[in-house]
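Novice: Shown below is the structure under consideration.
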Number of protein chains: 2
Amino acid sequence: MKNNKDIDALVKFSKALGHPIRIAILKHLATQTTCCTGDLVGVLPLAQSTVSQHLKELKKAGFIQGEVIPPKIKYCIHQENWNMAKALFQHFFDGCFVTNRSIIDDH
Amino acid sequence: MKNNKDIDALVKFSKALGHPIRIAILKHLATQTTCCTGDLVGVLPLAQSTVSQHLKELKKAGFIQGEVIPPKIKYCIHQENWNMAKALFQHFFDGCFVTNRSIIDDH
DNA sequence: ATGTCTTATCGTAAATTTACGATAGGTCTT
DNA sequence: AAGACCTATCGTAAATTTACGATAAGACAT
């Protein structure tokens, strides 16, 4: 946790994880070999537009990616970013007790 | 990540981490042997009431605890819950991928 | 008791998030 | 070209979050 970019990333990831539906989506995606919006709509107690909105948030955070397979869109975990998020949280919880300088900007 | 209680806890922790000021507070608390509200107010670009509000959120999430040492209140990381959060995130990022079928079964 | 110091809470406005139905867009099939 | 299918986006209302100043609450000192 050395710079502001890491903090921003941590905040970004945390925000995305801060809703039970999005956790559910990620867990579902992680256990499916293939999964499109419609599948999630069928499982979640939400309107299609709302599910799409949550998918958009997860995509914006970098957790997932979509692949167009007409007429559907297959979603899956963005493995690289997933690992990055995992490392960020890990370092935060571990390394929060090692170095720190300025509270706002620890260059 | 077996039940809803874990998911709720994960969401609760994620929400608390979903704001840069709160990350800054946690990082600051983690490196101070002692730290009260006033110290944080002096360092953060926010009003006292706002800092107090963020501290309340962090306390609600379980990340921190306050000890009254008149006339101040000393805050510190709630170690037990901190470790619990760490474990939760770890299991979430790890355990979401107990199986990797992509090698055996494409799409 | 009064005043001081520190922090929490109240009241509020502005911004953001969440949810929905309706609609638009893109691709394939006929 | 028309229709069917799937998903994203738009417009929106309700709920939540964030920030502030003002005020209250608690403990000590005078």
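Novice: Output the residues belonging to the range A:7-29 that are assigned to a helix (DSSP H, G or I), within 7 Å of another protein chain (Cβ to nearest Cβ) and farther than 26 Å from A:G95 by Cβ.
Specialist: Matches in the range A:7-29: A:P20, A:K27.
Novice: What number of residues within the range A:41-57 satisfy the criterion of being part of a helix (DSSP H, G or I), open to solvent by less than 60 Å² (accessible area, probe 1.4 Å) and near DNA strand C (Cβ under 10 Å from one of its atoms)?
Specialist: 5
Novice: Also: Are any of the residues in the range B:33-40 surrounded by fewer than 16 Cβ atoms within 10 Å (Cβ to Cβ), at the interface with chain A (Cβ under 8 Å from one of its Cβ atoms) and more than 11 Å from the chain's Cα centre (by Cα)?
Specialist: Checked against the condition, which is being surrounded by fewer than 16 Cβ atoms within 10 Å (Cβ to Cβ), at the interface with chain A (Cβ under 8 Å from one of its Cβ atoms) and more than 11 Å from the chain's Cα centre (by Cα), the range B:33-40 yields no hits at all.
Novice: Going through the range B:41-71 one residue at a time, which ones are away from DNA strand D (no atom under 11 Å from the Cβ) and more than 14 Å from chain A (Cβ to nearest Cβ)? Write out each step before concluding.
Specialist: If we filter the range B:41-71 for residues that are away from DNA strand D (no atom under 11 Å from the Cβ), which is where we start, we get B:42-43, B:55, B:59, B:62-67.
Result: B:K59, B:Q65, B:G66, B:E67.
Novice: What pairs can you find where one residue is in the range A:54-66 and of a type in the set (D, E), the other is open to solvent by 20 Å² or more (accessible area, probe 1.4 Å), and their Cβ atoms are less than 9 Å apart, with a gap of 6+ or different chains?
Specialist: Close Cβ pairs satisfying both conditions: A:E57/A:K15; A:E57/A:H19; A:E57/A:R22.
Novice: Please tell me if B:L17 is touching a residue at least 24 places away in the same chain (Cβ under 8 Å) and among the hydrophobic types (A, V, I, L, M, F, W, C).
Specialist: Here the answer is no, as B:L17 does not meet what is asked.
Novice: Please count how many residues of the range B:74-92 are open to solvent by 70 Å² or more (accessible area, probe 1.4 Å) and either within 10 Å of DNA strand D (Cβ to nearest atom) or within 12 Å of another protein chain (Cβ to nearest Cβ) (or both). Working first, answer last.
Specialist: To start, the set of residues in the range B:74-92 that are open to solvent by 70 Å² or more (accessible area, probe 1.4 Å) comprises B:79-80, B:83-84, B:90-91.
Still in the running and either within 10 Å of DNA strand D (Cβ to nearest atom) or within 12 Å of another protein chain (Cβ to nearest Cβ) (or both): B:79, B:83-84, B:90-91.
Number satisfying all stated conditions: 5.
The values are calculated or read from the model by the stated rules, or taken from the named source; none is laboratory data. These numbers were taken from a predicted model, which means no experiment stands behind them. We place every Cβ from the backbone using ideal geometry, glycine too, and count neighbours over all the protein chains shown. For accessibility, only protein heavy atoms count, side chains too; no ligands or nucleic acids. Shrake-Rupley method; radii C 1.70, N 1.55, O 1.52, S 1.80 Å.
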